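Take a look at the structure below.
The values are calculated or read from the model by the stated rules, or taken from the named source; none is laboratory data. Remember, it's a predicted structure, so these values are computed and weren't measured experimentally. For neighbour counting, all protein chains shown are included, and Cβ atoms are generated from backbone atoms with ideal geometry for every residue, glycine included. Note: accessible area is taken over every heavy atom of the protein model, side chains too, but ligands, DNA and RNA are not part of it. Shrake-Rupley method; radii C 1.70, N 1.55, O 1.52, S 1.80 Å.
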Amino acid sequence: MNTFNLKFPDDFFWGAATSSHQIEGDKHNDWTEWEKSEKRFSHLRSTGLAEQYGLDNFVSGKACNHYKLFHEDFNLAKELGHNVLRFSIAWSRIEPEEGVFDQKEIDHYKEKARKLRELGIEPFVTLWHWPIPVWLRDKGGWQSGKVINYFSRYTEKVVASLKDEVQFWITLNEAELYANNSYLSGIWPPQKKNLISYLLVTRNLIKAHRKAFKIIKKINPIAQIGVATNNVYIEAYKNRAVNLLLKKFADWWVNFYFLNRINDCQDFIGLNYYFHNRINYGFNRNENAIVSDIGWELYPEGMYFVLKDLKKYNKPIYITENGLADAKDEKRAWYIFETLKHVHKAIDEGVDVRGYLHWSLMDNFEWEKGFWPRFGLVEIDYKNCERKARTSAYFYKDICLANGLTGDMINKYNDLIFRFPVSKILP
Ligand code: IFM
């Protein structure tokens, strides 16, 4: 008999996260235009990516057709034992033209939240998960000072309409990563590489969140509001002095700057954890012993350190994303198991973690990389949009239903869990 048992707190949220652009299909926004621009296509051709994956891989198109199939997807989440689901609202659907709001689209998202409630699944709703309406792009997007008022107006409209269905709001997804990728490293639209723009966008995102927080509270004082932040486990190798110094700086800017600036305007912290960055007289000196399909190091123990670092904010934490690209489903169960052991360890040491949302419910459009990375608990056949839960989704289901990790699960999924080294957090 295997007596292993890691119980999570009562009322813990278990589920998955999604975002509109990556799954809905048939959208029109700055990303869809960028995906189909000649500049983008010629880059894909010149780098050989078009030949390797096909141009269709890089165009979000109808994606998973989730816009039409959301009932099916939510029923599947229920069958998989989830009691929470994170989805995002497409600003470009709600406000296709400046100041013109589409009631039919608002009702669509209302219906999604209502359906989740009916299934006993708590909706976590993200107001902005990267793409923006084309009219806003043409006005300068997140670089323009006006965006703060535009975002406020959009927020007010959406929150007032969905206030009876939604209690948990995430204003911005990984704002700091967006500012970096769109305005500094220039890999995402509008592909700027400009330090001033980057800082300006960061500042506007902070202001937009702060204002949105106040608007939401006014509409619904008991709403719970936060951002989803992409925090990295930054490790100073062997605690060497230089490494510690670099770590201090990197932590300050990458992990805490944004949170510090909004701390009086957040009820909870939404944590997205994917990355480890070992510093050894330079950044990213990782061992990369185990990597995902897209080459990201899988470092589940980093979750523990990132959570411990967030304790100082004294707020509830929801893990709003964590996952991996793993088309063959070889590492997902191991990764979930190892990650959750470290979440549990952090909880044991007093960190107030209240939920874990795996990224993602289903395979989806992974931004500039397109469709080939497979992040889903559920596999999508893009030819006919058929859904099929992967084995790891059933492993995760057992965890959700048991509210923790048990010896029975280990016996049942032994082959999957012990395929890779496991840490010593065992009773
Ligand atoms: O797919 C993304 C998601 O949109 C935001 N967080 C990271 C995921 C994996 O890259």
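With respect to the cross-link table entries Lys62/Lys369; Lys78/Lys388; Lys157/Lys218; Lys7/Lys341; Lys308/Lys397; Lys110/Lys163, which display a Cα-Cα separation exceeding 19 Å? All intermediate terms of the calculation are to be shown ahead of the outcome.
Values: Lys62/Lys369 16 Å; Lys78/Lys388 14 Å; Lys157/Lys218 13 Å; Lys7/Lys341 10 Å; Lys308/Lys397 26 Å; Lys110/Lys163 9 Å.
Checking Cα-Cα distances, Lys308/Lys397 exceed 19 Å.
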Worksheet item: Leaving out ligands, DNA and RNA, what percent of the accessible area of the stretch 66-198 is carbon and sulfur, probe 1.4 Å?
Response: 49
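When ligands, DNA and RNA are left out and all protein chains stay put, how many square angstrom of accessible area per residue does the chain have with a 1.4 Å probe? Display every interim value, and only then the final one.
Values: 17210 Å² over 427 residues.
Computed with neighbouring chains in place, this is 40 Å² per residue.
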Worksheet item: Given H placed on each backbone N at 1.01 Å, which residues far from Leu271 in sequence or on other chains put an amide H within less than 5 Å of it?
Response: Thr229, Tyr318, Ile319, Thr320, Glu321
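Please compute the Kirkwood hydrodynamic radius of the stretch 215-358 from all pairs of different C-alpha atoms, in Å with one decimal. Provide the component values of the computation, followed by the final result.
On the way: mean 1/r = 0.0619 Å⁻¹.
Kirkwood hydrodynamic radius for the stretch 215-358: 16.1 Å.
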Discussion item. Taking amide H atoms as placed 1.01 Å from N in the peptide plane, list the residues 5 or more away in sequence, or in a different chain, whose amide H sits under 5 Å from that of Trp130.
Written reply: Asn173
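Work out the FRET efficiency for Lys218 and Leu401 from their Cβ-Cβ distance, taking R0 = 41 Å, and round it to the nearest 0.05. Could you put the intermediate results ahead of the total?
Working: r = 38 Å, r/R0 = 0.93.
Here the calculated transfer efficiency is 0.60.
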Item to complete: Report the trypsin sites (Lys or Arg not before Pro) located in the stretch 275-347 that are in a DSSP loop and have at most 10 other Cβ atoms inside 10 Å of their Cβ, or state none.
Response: Lys328
Worksheet item: With helices defined as uninterrupted DSSP H runs, which ones in the chain have an alpha carbon span along their own long axis of at least 20 Å and mean Kyte-Doolittle hydropathy of at least -1.0?
Response: 147-162, 195-219, 332-348
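Report the extension gain between Asn75 and Phe101 in nm, rounded to one decimal, defined as 0.36 nm multiplied by the number of residues separating them, less their alpha carbon distance.
Values: separation 26, 0.36 × 26 = 9.36 nm, distance 2.92 nm.
The span from Asn75 to Phe101 would gain 6.4 nm if fully extended.
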Worksheet entry | Residues of type aspartates and glutamates that Lys146 reaches as a straight line, Cα spacing below 15 Å, ignoring anything fewer than 8 places off in the same chain | Glu98, Asp138
Worksheet item: Taking every pair of alpha-carbon atoms in the stretch 51-180, what share in percent sits in each 10 Å bin, from 0 to the bin with the longest distance?
Response: 11, 38, 34, 15, 2
Practice prompt. Can you tell me how much longer the chain between Glu156 and Lys68 gets when fully stretched, taken as 0.36 nm per residue apart minus their C-alpha distance, in nm with one decimal?
Written response: 29.1 nm
Fill in: the stretch 125-172: proportion of alpha-carbon pairs further apart than 14 angstrom, %
54
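Do any trypsin sites (Lys or Arg not before Pro) in the stretch 172-215 lie in a DSSP loop with no more than 14 other beta carbon atoms within 10 Å, and if so, which?
Working: sites: Lys192, Lys193, Arg203, Lys207, Arg210, Lys211, Lys214; in loops: Lys192, Lys193.
Those satisfying the criteria are Lys193.
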Worksheet item: Which loop-located GluC sites (Glu not before Pro) does the stretch 321-409 contain, where loop means any DSSP state but H, G, I, E or B and the Cβ has at most 11 other Cβ atoms within 10 Å?
Response: Glu349
Worksheet item: What does the accessible area of Thr3 come to, in Å² to the nearest 10, when a probe of 1.4 Å is used?
Response: 110
Worksheet item: What 222 nm value per residue comes from the helices of the chain, counting each DSSP H run with n ≥ 4 as -39,500 (n - 2.57) and dividing by all residues, nearest 500 deg cm²/dmol?
Response: -12000 deg cm²/dmol
Worksheet entry | Carbon/sulfur fraction of accessible area - the stretch 225-356, other protein chains in place, 1.4 Å, % | 49
Worksheet item: If you take the square roots of the eigenvalues of the alpha-carbon gyration tensor of the stretch 175-237 and sort them as a ≥ b ≥ c, do you get rounded (a/c under 1.5), prolate (a/b over b/c) or oblate?
Response: oblate
Discussion item. Suppose we take every Cα in the chain and form the convex hull; what volume per residue is that in Å³?
Written reply: 141
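What does the charge count around Ala327 come to, taking other residues whose C-beta lies under 12 Å from its C-beta (Lys +1, Arg +1, Asp -1, Glu -1)?
On the way: positive: Lys328, Lys331, Arg332, Arg374, Arg390; negative: Asp293, Asp326, Asp329, Glu330, Asp363, Glu366, Glu379.
Summing Lys/Arg as +1 and Asp/Glu as -1 gives -2.
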